[in-house]
1. Can you name the residue in region 181-203 that is exposed (fewer than 13 other Cβ atoms within 10 Å of the Cβ) and under 23 Å from the mean Cα position of the chain (by Cα) and, of all such residues, is farthest from Gly257 (Cα to Cα)?
2. Could you tell me which residue of region 78-102 is farthest from Ile46 (Cα to Cα), considering only residues that are surrounded by fewer than 16 Cβ atoms within 10 Å (Cβ to Cβ) and without any contact (Cβ under 8 Å) to a residue 40 or more places away in the chain?
3. Residue by residue through region 217-233, note down the ones that are out of contact with any helix residue (DSSP H, G or I) (no Cβ under 7 Å at 6 or more places or on another chain), surrounded by 13 or more Cβ atoms within 10 Å (Cβ to Cβ) and more than 21 Å from Gln297 (Cβ to Cβ).
4. State whether one or more residues within region 276-287 are in a helix (DSSP H, G or I) and either in the same structural domain as Lys110 (by TED's automatic domain parsing) or of a type in the set (A, V, I, L, M, F, W, C) (or both).
5. Using beta carbons and a limit of 6 Å, which pairs, at least six apart or on different chains, have the first residue in region 104-128 and in the same structural domain as Val82 (by TED's automatic domain parsing) and of a type in the set (Phe, Trp, Tyr) and the second one at pLDDT below 95 and assigned to a loop (DSSP other than H, G, I, E, B)?
6. Check Thr197 against each of (1) of a type outside the set (D, E, K, R); (2) without any contact (Cβ under 8 Å) to a residue 40 or more places away in the chain; (3) under 20 Å from Gly139 (Cβ atoms) and name the one condition it does not meet.
7. Could you tell me which residue of region 25-34 is modelled with the highest pLDDT, considering only residues that are farther than 16 Å from Tyr61 by Cα and of a type outside the set (D, E, K, R)?
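The values are calculated or read from the model by the stated rules, or taken from the named source; none is laboratory data. Note that the coordinates shown come from a computational prediction; the quantities given were computed from them, not determined experimentally. As a convention, Cβ positions derive from the backbone with ideal geometry for all residues, glycine included, and neighbour counts pool all protein chains shown.
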Amino acid sequence: METEVAEKKQKAETKICSLNDLLFPVEMIDNPRNTNPEYCKVVTGIIGNQEMDLNYCSDRYALVPNANIFPKIEEVLGGHTVNFVPEYKHINNVRFYADYQINDPRYGYKMNGTTDTIQPMLRVQHSYNGLTKYRIVFGYFRLICSNGLVIAVEEMKQYNLVIVGKHTEAILHSFDELNKMLENFGQNAKQITNALTAKYELLGGRWVANVEDRVTEVLKANKIAMVDTSKFNTLNDIVGRVMSEANGEKRDMGYDGRVNDWLIYNGINQYLNSERTIAAPDKKMEDDSKVFEYMLQHA
């Protein structure tokens with residue numbers, strides 16, 4: 001029963017949408033009610049021709065409309081002739097996400113000895129209620145599965161592949177930083193790609209004899225709840241995903257029935273990003289990063 005409620009909550013909150021759905025008019029006005037200074041302002045939006053209160057905040061809050069963010073990011077991508085496929089999501093019209101899948105084959109990478117191909121992805125997040133911090137982060141996605149893949153924290157810092165903004169000035173400056181990031185990647189694509197994918201290859205080089213034990217270890221170490229009911233079992237779900245890819249049931253990628261840590265990481269990644277988990281996309285990415293870093297450090 002609890003799992004069914006969680007599923008309904010997830011479907012109701014995180015919605016795939018169009019860019020226009022993110023660009024509704026928004027403004028910050030004085031709160032007409034008597035209140036304390038922390039709630040003296042109201043962020044309101046016009047959604048479906050109806051006004052909606054989105055956030056109650058102090059006058060220190062800096063409102064940056066989505067219309068000043070997502071189109072600008074796409075303008076920067078277009079300026080670098082980057083071909084991308086976007087996917088937009090929102091939670092209750094206050095938390096916003098965009099994944100930009102970069103499909104240029106020049107930047108693709110195949111895992112050693114396989115046809116398992118990954119491509120770069122930019123993930124952007126923003127909110128009107130402060131629950132999701134504005135951020136642009138570089139990552140990857142697999143052609144077989146569009147879920148975003150995190151990169152190692154060490155390389156993320158080394159190559160300045162995450163951009164964070166809190167106030168208006170910092171957010172507007174982030175477009176210049178994104179431009180520099182794309183310029184750097186374009187000029188040093190091979191070097192950066194090799195550095196980032198080396199950690200994926202580290203997982204790819206670790207063959208796993210007991211898949212269930214390894215999945216259980218990783219989930220428990222990262223405090224990821226394991227559901228076990230008559231209708232659903234987390235362990236069976238992840239192991240099923242892993243073995244399906246290893247056996248080439250949907251697409252033969254050359255694993256010949258063998259399982260490595262790379263496939264296990266992706267099986268857990270797919271579970272975390274499925275409708276079985278109700279966390280917001282930024283929390284899912286945080287959990288994904290913890291799993292990835294743990295697996296890198298613990299063979």
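1. Glu183
2. Per the stated criteria, the residue is Thr81.
3. The answer is Asn233, and nothing else.
4. Step one: filter region 276-287 for residues in a helix (DSSP H, G or I), giving 281-287.
So of that shortlist, the ones also either in the same structural domain as Lys110 (by TED's automatic domain parsing) or of a type in the set (A, V, I, L, M, F, W, C) (or both) come out as 285.
Yes, region 276-287 contains a residue that is in a helix (DSSP H, G or I) and either in the same structural domain as Lys110 (by TED's automatic domain parsing) or of a type in the set (A, V, I, L, M, F, W, C) (or both).
5. none
6. Single failed check for Thr197: (2).
7. Initially, region 25-34 is screened for residues farther than 16 Å from Tyr61 by Cα, giving 25, 32-34.
Keeping just the survivors that are of a type outside the set (D, E, K, R) gives 25, 32, 34.
Working: Pro25: 98, Pro32: 95, Asn34: 95.
So the residue we want is Pro25.
Here's the yes/no breakdown for (1) modelled with pLDDT under 95; (2) surrounded by 15 or more Cβ atoms within 10 Å (Cβ to Cβ):
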position	(1), (2)
Gly205	no, no
Asn236	no, no
Asp256	no, no
Arg276	yes, yes
Val291	no, yes
